[in-house]
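Student: Dropping a structure here in structure tokens format, bear with me for questions.
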Amino acid sequence: MGGCMGSRRLHGCLGTVVGLALAVLTAMLLGRALSACDAGVNNAANSTFLLFLFIPCLWAVLLLGWVAVGALLGNRPFLHALALVVVLLGLSWCAISLFWSDITYDCPSGVPPWWPGFLPAPGF
């Protein structure tokens, strides 16, 4: 029984750290895109939104995704890991797509100049 609880505790701590890291990286990518395209209100307002609303909300959603995948695919390690990668990256992509800016003067195509051409731009 102790081994199972230790494994669950480790899995929960890992989910917390991975979720927070991915939320921060997603916010940094979105902030850089908003800044490069001169979108949003201004840099201070965009940063405040990302820091106090976007990161905590995305972190909570990513943790829920982590728990849901763990509950559905508990004892299948390879499938569990693959599903975690797909779900967490998919949730981050959707979060970026919700707040991605439209066409601006600095980004006539709606995509920052540094965005790699081989990746599709986020958006619905």
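The values are calculated or read from the model by the stated rules, or taken from the named source; none is laboratory data. Source: prediction; values computed, not measured. Quick reminder, even Gly has a Cβ in these numbers, built from the backbone with ideal geometry, and neighbours come from all protein chains shown. Accessible surface areas use protein heavy atoms only, side chains included; no ligands, DNA or RNA. Shrake-Rupley method; radii C 1.70, N 1.55, O 1.52, S 1.80 Å.
Student: With all protein chains present, how much of the accessible area of the chain (probe radius 1.4 Å) comes from carbon and sulfur, to the nearest whole percent?
Tutor: Working: 5870 of 7980 Å².
Carbon and sulfur: 74 percent of the exposed surface of the chain.
Student: Another question, then. At what distance in nm do the modelled label points of A60 and V85 sit from each other, each positioned 7 Å from its Cα along Cα→Cβ?
Tutor: Taking the two extended label points, one gets 3.0 nm.
Student: Using R₀ = 30 Å, calculate the FRET efficiency as 1/(1 + (r/R₀)^6) where r is the Cβ-Cβ separation of A21 and T104; round to 0.05.
Tutor: On the way: r = 29 Å, r/R0 = 0.98.
With a Förster radius of 30 Å, E is 0.55.
Student: Connecting C-alpha atoms closer than 10 Å in a GNM of the chain, tell me which of S109, S92, S101 has the biggest fluctuation.
Tutor: S109
Student: What is the extension gain from H11 to N75, computed as 0.36 nm multiplied by their sequence separation minus the C-alpha to C-alpha distance, in nm to one decimal? Walk me through the numbers on the way to the answer.
Tutor: On the way: separation 64, 0.36 × 64 = 23.04 nm, distance 1.25 nm.
Computed gain between H11 and N75 is 21.8 nm.
Student: Which net charge results when you count Lys and Arg as +1 and Asp and Glu as -1 among the other residues whose beta-carbon is under 15 Å from that of T104?
Tutor: On the way: positive: R32; negative: D38, D102, D106.
Overall, the nearby charge balance is -2.
Student: Using only Cα atoms and rounding to the nearest 10 degrees, what angle (0 to 90) does helix 77-99 make with the longest principal axis of the chain?
Tutor: 30
Student: Among residues other than C37 whose Cβ falls under 11 Å from its Cβ, what is the net charge (Lys/Arg +1, Asp/Glu -1)? Walk me through the numbers before you get to the answer.
Tutor: Numbers: positive: R32; negative: D38, D102, D106.
Taking every Cβ under 11 Å from that of C37, the sum is -2.
Student: What number, rounded to the nearest 500 deg cm²/dmol, is the helix-based mean residue ellipticity at 222 nm of the chain, given -39500 (n - 2.57) per DSSP H run of at least four residues and division by all its residues?
Tutor: Numbers: 4 runs with 83 residues, N = 124.
Dividing the helical sum by the residues of the chain leaves -23000 deg cm²/dmol.
Student: How far is helix 2-36 tilted, in degrees, relative to the longest principal axis of the Cα atoms in the chain, given as a value from 0 to 90 rounded to the nearest 10?
Tutor: That helix lies at roughly 0 degrees to the long axis.
Student: How much accessible area per residue does the chain have, in Å², with a 1.4 Å probe? Please list the in-between numbers first.
Tutor: Numbers: 7980 Å² over 124 residues.
Per-residue value: 64 Å².
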